[in-house]
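The values are calculated or read from the model by the stated rules, or taken from the named source; none is laboratory data. Keep in mind that this is a model prediction, so the values were computed, not measured. No Cβ is skipped: glycine too gets one built from the backbone with ideal geometry, and neighbour counts run over all protein chains shown.
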Amino acid sequence: MNTSKHVKKAIGLGAVMMLAGSLYAQDPIDLTKKGIQLSEKKAFDEAIKEFRKAIDIYNASSAKAYHNMGQALELKGELVQAIPYYEEAIKRNPAQVPSYERAGSLYFQTGDFEKAVATGEYVLKIDPKNKEVMQWLPDAYKMKLQRHQEMLLAKQKEEEEGKKKALEQKKAEEKKYEEELDKKKAPRLLYATLDFAAQLGYYYEGSKFKLNTDEGTLVNVPEWLYVDFTPSKDWELEFKMGNPYLGAVSPNLVNYTETFQVSYLMDKYYLGAGVMGSHYRDNFAFENSVNTKKKTIAENDVKLGLVFGKKEEKSVLKVAMYPRFMPQDTRNSKGKTLDTGFYEFTYNYSFDRTLSYYSRVTGYDFYYFDNPNRLANYWGLYELAVGFSFNKFNDVTREKSLILTVEFVERLYLRNLDNSNPYDFANGQGMFGIDAKNWLKGRPFSGYYSNSHSLLFRLDEMLTRIFFVKQKTAYEMNTGRGDHNEITLLLGAGAVF
């Protein structure tokens, strides 16, 4: 019974296969010949149908071959080489779903997530229950999104870098343009300033403020006139005059000074000379030998000096020296005399048009000799200053409009009074207060008296292309034997031609 059923099934299956064979037994060659015959009879529509049947049979057969070729390469591990064969199989037979499945899987494995997602979505559209593409399609979605985000970030970064480069290029072009403008500018002919300072002291005893005065030429406050004249690119003439500010601890050591310097620029080196005058009108400096309440002493001193330095594109180094021994008061001097010394080292460096740095070391020495009694009183001031200047330029004219300067100053005050060896070397007077005689007695710097720290803010504002005003505020804090701290307010005006 069972045998007969299987025989019947086999006969039925064979009949179906024979029927199918009869349906597809047509050979593309025969169909092509038939199409040619129909064309010769001018039955073109029927001929086209025959040709299409031949092409469909050929494509269906060749698509399977391309699929098999792709699968062989995939199994061999050559994934990239297999993809074109699956694509060709799909092209020849768009209904061949397995080729879509494998092509989509290889797209995913080789990182082409856009094509993997598109292929997987197409397969699910024609075969919603397809399980093959669901093995990789969810991950393909994730990787596509991640790749998209990476591309957006990369594009954003590229745009930012492009903007940054454009901005840097713009700044470089502006800097080049500004430098060219600077080169085209006529050299400075004259620079002049006039400054006045007010000193407000905070005294420890009594914890009170007091406005300090300092007898000068015009008014009883520190004042300073400065003129720099450059008639040519090779010559520079400087004139300084006034009552110098000598810090919070120093007394009124001189009423006014004046200095005249001439410098010659040889290529990039400075060389020059100058003369400095100092004038004293008071009585405290000789109080150990004179009734200070009844007599005012007037003394004057003149010194010759040397100026030298170096000027480069971005930096300027300048040294001015007016040493005590040009000329020096000695034991052969008569009566009471004033002997002074001045030293200054300045260095300026411009990073660019907007920022510059400077440092300064300045030394003042004041010797008051009572020559008949072989006595001397000495006061000294040494300053170390560092500062930065920030320049702002007008957006339209490109001219400098504002300068902000921040400076820190360390002051060292020296004092040595009633010295009975006034003409000896290293006697505690001058040279940072070095005392050779007391070196081994624990007082190597007997001339040291006090020191202080000072912070300064200065603002220069251009009113026109020629005239400017400046304001300065400084706070000095003593850390030694000074009796007060001091706030200094400076107002000044100047002109540049």
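Counting the residues of segment 212-228 that are among the aromatic types (Phe, Trp, Tyr) and either over 18 Å from residue 495 (Cβ atoms) or over 34 Å from the mean Cα position of the chain (by Cα) (or both) gives 1.
For beta carbons closer than 8 Å, sequence separation of 6+ or different chains, a first residue in segment 195-224 that is under 23 Å from residue 459 (Cβ atoms) and part of a strand (DSSP E or B) and a second that is at pLDDT below 85 and small (Gly, Ala, Ser), the qualifying pairs are 223/216.
Got a number for residues in segment 352-405 being of a type in the set (Asp, Glu), touching a strand residue (DSSP E or B) at 6+ places or on another chain (Cβ under 7 Å) and at pLDDT below 95? Even if it seems obvious, please write down each step before you answer.
Taking segment 352-405 as the starting set, the residues that turn out to be of a type in the set (Asp, Glu) are 352, 365, 370, 383, 395, 399.
In the following step, the residues that additionally are touching a strand residue (DSSP E or B) at 6+ places or on another chain (Cβ under 7 Å) were identified as 365, 370, 383, 399.
Next, only the ones that are at pLDDT below 95 stay: 365, 370, 399.
Number satisfying all stated conditions: 3.
Has segment 395-403 got at least one residue that is on the phi > 0 side of the Ramachandran plot, touching a residue at least 40 places away in the same chain (Cβ under 8 Å) and assigned by TED's automatic domain parsing to the domain that holds residue 475? Yes, segment 395-403 contains at least one residue that is on the phi > 0 side of the Ramachandran plot, touching a residue at least 40 places away in the same chain (Cβ under 8 Å) and assigned by TED's automatic domain parsing to the domain that holds residue 475. The residues in segment 92-103 that are at pLDDT 85 or above and farther than 20 Å from residue 136 by Cα can be counted, and the count is 3.
Against the definition (among the aromatic types (Phe, Trp, Tyr) and closer than 21 Å to residue 196 by Cβ), how does residue 432 come out, yes or no? Before you say what the answer is, go through the steps one by one.
Values: among the aromatic types (Phe, Trp, Tyr): yes; closer than 21 Å to residue 196 by Cβ: no.
No; evaluated as a whole, the condition is false for this residue.
Scanning segment 225-234 for residues that are out of contact with any strand residue (DSSP E or B) (no Cβ under 6 Å at 6 or more places or on another chain) and either buried (at least 19 other Cβ atoms within 10 Å of the Cβ) or in contact (Cβ under 8 Å) with a residue 12 or more places away in the chain (or both) returns 231, 233. If we scan segment 349-361, do we find a residue that is of a type in the set (A, V, I, L, M) and not in a strand (DSSP E or B)? No, every residue in segment 349-361 fails to be of a type in the set (A, V, I, L, M) and not in a strand (DSSP E or B). Just one of the numbered conditions (1) under 28 Å from residue 147 (Cα atoms); (2) in contact (Cβ under 8 Å) with a residue 24 or more places away in the chain is not true of residue 85: (2).
For segment 448-472, taking the residues that are of a type in the set (S, T, N, Q) and within 16 Å of residue 402 (Cβ to Cβ), the one that is surrounded by the fewest Cβ atoms within 10 Å (Cβ to Cβ) is identified as 464.
Return yes or no: is residue 334 closer than 19 Å to residue 419 by Cα, assigned by TED's automatic domain parsing to the domain that holds residue 415, modelled with pLDDT of 80 or more and exposed (fewer than 15 other Cβ atoms within 10 Å of the Cβ)? Steps first, answer last, please.
Values: closer than 19 Å to residue 419 by Cα: yes; assigned by TED's automatic domain parsing to the domain that holds residue 415: yes; modelled with pLDDT of 80 or more: yes; exposed (fewer than 15 other Cβ atoms within 10 Å of the Cβ): yes.
So residue 334 fits the description; yes.
Can you work out which of the residues in segment 299-337 that are outside any loop (DSSP other than H, G, I, E, B), polar (S, T, N, Q) and more than 46 Å from the chain's Cα centre (by Cα) is farthest from residue 360 (Cα to Cα)? Within segment 299-337, the match that is farthest from residue 360 (Cα to Cα) is 337.
Which residue out of 285, 273, 298 is modelled with pLDDT of 95 or more and of a type in the set (Gly, Ala, Ser)?
Numbers: 285 fails: modelled with pLDDT of 95 or more; 298 fails: modelled with pLDDT of 95 or more.
After ruling out the rest, the residue left standing is 273.
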